[in-house]
Amino acid sequence: MPSGIYVLIEHQQGAVEDISYVMLAAGNMLAKQTGEEIIALLLGNKIKEMAGDLKADQVIYFDHPDLEDFSPDAYLEVLAPYIEAHPPKAFIGGHTSVGMDIVCGLASRFGFPIISQCQKFKTEGETIRFVSQICGGKIIVEGLLPEPSVMISLVPGSYKVEQGKGDVSPDIETVEVAEILNNRMKLIEYVELDAGDVDISKEEVLVAVGRGLQNPNDLELAQELAGALGGSVCGSRPVIDQGWLPASRLVGKSGKSVSPKVYLAFGISGAPEHTQAITESDIIIAINTDPNAPIFEFAKYGVEEDAVDILTALNDHITQN
Amino acid sequence: MKIVVPVKLIPDLVEELSIDPSGTALDMTWMRLVINELDHHAIEQAILLKEKFGAEVIVMAPDLEGADDVLFTAAAAGADRLIRIIGLGESFNNHTLAAVCQPIMVDINPDMILTGVQATDDLDGQLGPILAERLKMHYIGYIAGMSLENGSLILNKEFPGGLVAKMKVELPVVVGIQAAESPPRYIAYSRVRQARNSAEIEDIQTTELDTNLSPAITRMFQPEAEERAQILSGSLDEISDQMIKILKEAGVV
Ligand SMILES: Cc1cc2nc3c(=O)[nH]c(=O)nc-3n(C[C@H](O)[C@H](O)[C@H](O)COP(=O)(O)OP(=O)(O)OC[C@H]3O[C@@H](n4cnc5c(N)ncnc54)[C@H](O)[C@@H]3O)c2cc1C
Ligand SMILES: Nc1ncnc2c1ncn2[C@@H]1O[C@H](COP(=O)(O)O)[C@@H](O)[C@H]1O
């Protein structure tokens with residue numbers, strides 16, 4: 001019988017990533033509901049001490065020099081035999097650059113169903129449901145948590161980091177990995193993008209622009225406003241991918257998380273990959289022509305007008321006073 | 001070198017979405033389908049590789065409304081072969097799509113499969129890694145930018161917080177694209193029309209339709225916001241007055 005709730009721990013450059021604690025929080029809830037043990041899977045090179053504050057009944061630590069940096073090949077080679085020998089009731093990975101490389105691979109190999117973009121679990125008596133968010137946050141899907149085994153990729157938002165941190169050091173079992181034979185993916189180096197640019201995670205005022213801005217020439221208006229407010233311009237993924245702004249200005253899942261006093265979002269729809277990184281802002285003001293844009297669910301104030309009109313009006317207003 | 005890009009057609013999120021009477025699926029009746037944005041980036045990346053290093057680029061799409069446009073647009077951008085997968089029906093998940101793509105891929109025997117790292121409607125995992133496993137190929141995702149050096153791929157894998165890992169990866173491989181090296185090129189509609197006349201779409205009929213691993217959906221709905229923004233209204237002047245007031249209260253003006 002499959003047993004155990006597994007959590008794949010993510011870490012980067014010597015520190016456990018927040019998503020790992022979020023997954024542990026979710027996993028602990030599942031474990032309690034099902035009476036299962038929660039088991040954290042940690043892979044790395046001489047990083048056993050990283051397991052210290054993981055809230056788990058047990059940590060299985062896989063140690064090998066080739067696990068120093070993340071490689072999907074190396075992780076799969078190490079995890080697959082373990083999962084084969086100890087099939088889990090549920091395996092939780094992050095809906096992230098690490099988790100998404102591993103969850104689907106293991107699932108297909110062993111024929112387990114997958115639940116993607118899982119937000120949280122809901123329980124009614126003995127029944128456990130998954131809740132996932134699809135279509136850029138516009139649709140919520142609920143369903144029965146598949147049995148006897150399921151692979152899950154979890155998005156942040158519903159569970160708190162603190163809930164995944166334990167006060168007592170968990171029981172750690174070290175697995176000495178003898179060799180990793182089939183790693184065809186090797187790190188060359190880490191690149192910090194545009195180091196030296198402003199650090200948007202520290203700014204107090206951010207003027208964020210999205211695809212709704214439509215014309216890169218109008219970026220000047222956003223820059224003017226940011227200048228007047230003593231802040232910086234940042235953007236959503238499409239804006240960065242179009243080369244309108246450098247990668248250092250990306251807000252979201254693949255960019256930076258921000259916590260300004262005021263976050264002005266011009267022409268940003270409010271996809272989960274964006275909003276997950278702005279929830280620590282004191283005040284969010286969203287300017288969007290679509291009254292149904294999800295961003296209005298995160299914003300304190302909303303303006304259902306054209307982004308350029310509002311930018312222009314604000315700039316005029318500030319210049320005149 | 002052969003590069004295959006399997007693309008997904010997904011609901012256009014700009015349009016109003018609705019749920020069908022069963023309450024467990026999207027209502028597809030009036031749904032406009034568009035190419036998954038990241039698959040569009042995958043096509044662009046394939047064509048960039050072709051232009052720099054030479055390759056045959058093969059684009060395949062399920063036979064849904066809009067597939068022809070997507071395929072002919074890819075041809076106009078530089079794709080060499082277009083494949084339409086027939087017989088999938090209207091709604092299918094990634095496991096089914098991967099199962100159906102598998103024999104076609106075996107036949108083509110590609111050096112590289114590029115696909116969007118995810119699609120907005122993914123519920124049962126992602127096409128790329130599921131397909132990779134079925135083909136016993138290796139998979140790596142979240143890739144923004146790649147090139148070839150001495151027969152190996154050099155690619156940028158993104159991690160949270162703006163960290164990028166430059167990695168060396170051996171072929172053959174399946175890659176989940178987060179962004180092409182440069183944004184998808186603009187293709188004028190006249191060129192798509194031209195492609196309609198000159199390019200040819202091959203139809204491949206599917207046989208296996210395995211929906212075994214679909215999660216059982218009990219409810220699908222549009223989220224009702226618990227709290228919604230307070231909407232500032234009036235003339236542009238009045239709105240900017242109110243905004244300035246809020247900014248002042250926040251102590252940033
Ligand atoms: C793995 C992965 C990672 C991702 N990481 C990130 C990330 O880190 N950061 C990120 O931002 N995204 C990320 N994304 C992309 C994300 O899913 C969305 O696609 C993206 O956030 C959408 O950007 P947007 O809101 O600017 O564009 P859209 O979603 O296209 O929204 C544009 C908005 O502008 C509005 N609009 C149109 N015209 C006007 C006008 N004249 N005036 C005002 N409003 C107007 C529209 O109503 C719409 O709401 C990621 C996606 C994936 C799959
Ligand atoms: N049963 C399997 N199903 C799918 N992929 C596999 C399987 N076994 C191995 N692989 C993958 O295929 C690669 C080549 O494996 P091998 O057959 O051992 O040379 C491995 O590194 C795995 O990533």
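Numerical summary
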read-out: Under 25 Å from the Cα of A:Lys261 - lysines, other chains or at least 8 residues apart; value: A:Lys160, A:Lys202, A:Lys253, A:Lys300, B:Lys245, B:Lys248
read-out: Exposure of B:His41 as accessible area (Å², to 10), given a probe of 1.4 Å and all protein chains; value: 10
read-out: Magnitude of the charge dipole, the range A:51-144, Cβ model with Lys/Arg +1 and Asp/Glu -1, debye to 20; value: 660
read-out: Chymotrypsin sites (Phe, Trp or Tyr not before Pro) restricted to the range B:116-217 and DSSP loop, no more than 13 other C-beta within 10 Å; value: B:Tyr186
read-out: Listed peptides A:8-14, A:244-250 by packing density, highest first (mean Cβ within 10 Å); value: A:244-250, A:8-14
read-out: Spatial extent of chain A: Rg and Dmax, with the Cα atoms as the point set, Å; value: 21.9, 73
read-out: Euclidean distance between Cα centres, the range A:235-258 to the range B:52-131, Å; value: 27
read-out: For the range A:193-239, Kirkwood radius (reciprocal of mean inverse C-alpha pair distance, Å); value: 11.2
read-out: Inter-chain Cβ neighbour average for residues B:115-123, partner chain, 10 Å; value: 6
read-out: Residue-by-residue Karplus 3J(HN,Hα) for the range A:276-283, coefficients 6.51, -1.76, 1.60, Hz, glycine and proline x; value: 4, 9, 10, 5, 8, 6, 5, 10
read-out: Inter-chain shielding of B:235-246 (mean C-beta neighbours from other protein chains, 10 Å cut-off); value: 5
read-out: Cα point-scatterer Debye curve for chain B, base-10 log of I(q)/I(0) at q = 0.08 Å⁻¹; value: -0.39
read-out: Integer Hz, Karplus 6.51/-1.76/1.60 couplings in order for the range A:153-160, x for Gly and Pro; value: 10, 9, 9, x, x, 9, 10, 9
read-out: Segments B:114-122, A:210-218, A:175-183 sorted - mean Cβ within 10 Å per residue, highest first; value: B:114-122, A:210-218, A:175-183
read-out: Shape category assigned to the range A:88-164 from the gyration tensor of Cα positions, a/c cut at 1.5; value: rounded
read-out: Shielding score for A:99-112, defined as the mean number of other chain Cβ atoms within 10 Å; value: 6
read-out: ³J(HN,Hα) computed for each position of the range A:126-132 - Karplus, 6.51 cos²θ - 1.76 cosθ + 1.60, integer Hz, glycine/proline x; value: 7, 7, 10, 10, 9, 10, 10
read-out: Choice from B:Glu224, B:Glu181, B:Glu133 showing the highest fluctuation, given a GNM over chain B with Cα pairs closer than 10 Å; value: B:Glu224
read-out: In nm, spacing of pseudo-spin labels at B:Arg191 and A:Glu68 (7 Å Cα→C-beta vector); value: 4.5
read-out: Long-range amide H partners of A:Ile172 with built H, under 5 Å; value: A:Val59
read-out: Dimensionless Rg ratio for the range A:36-124, taking C-alpha atoms and the 2.2 N^0.38 Å reference; value: 1.11
read-out: Surface accessible to a 1.4 Å probe, A:Phe298 within the full protein complex, Å²; value: 90
read-out: Within chain B, helix-based [θ] at 222 nm, where runs of 4 or more DSSP H residues each add -39,500 (n - 2.57), nearest 500; value: -9500 deg cm²/dmol
read-out: Accessible surface of A:Glu220 - all protein chains present, 1.4 Å probe, nearest 10 Å²; value: 140
read-out: Overall Cα dimensions of the protein assembly as shown - principal axes, largest extent first, Å; value: 71, 68, 53
read-out: Gain on full stretching of the segment that runs from A:Glu124 to A:Ala178 - 0.36 nm per residue minus C-alpha separation; value: 15.0 nm
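The values are calculated or read from the model by the stated rules, or taken from the named source; none is laboratory data. Here the structure is a predicted model, which is why all the values come from computation and not from measurement. As a convention, Cβ positions derive from the backbone with ideal geometry for all residues, glycine included, and neighbour counts pool all protein chains shown. For accessibility, only protein heavy atoms count, side chains too; no ligands or nucleic acids. Shrake-Rupley method; radii C 1.70, N 1.55, O 1.52, S 1.80 Å.
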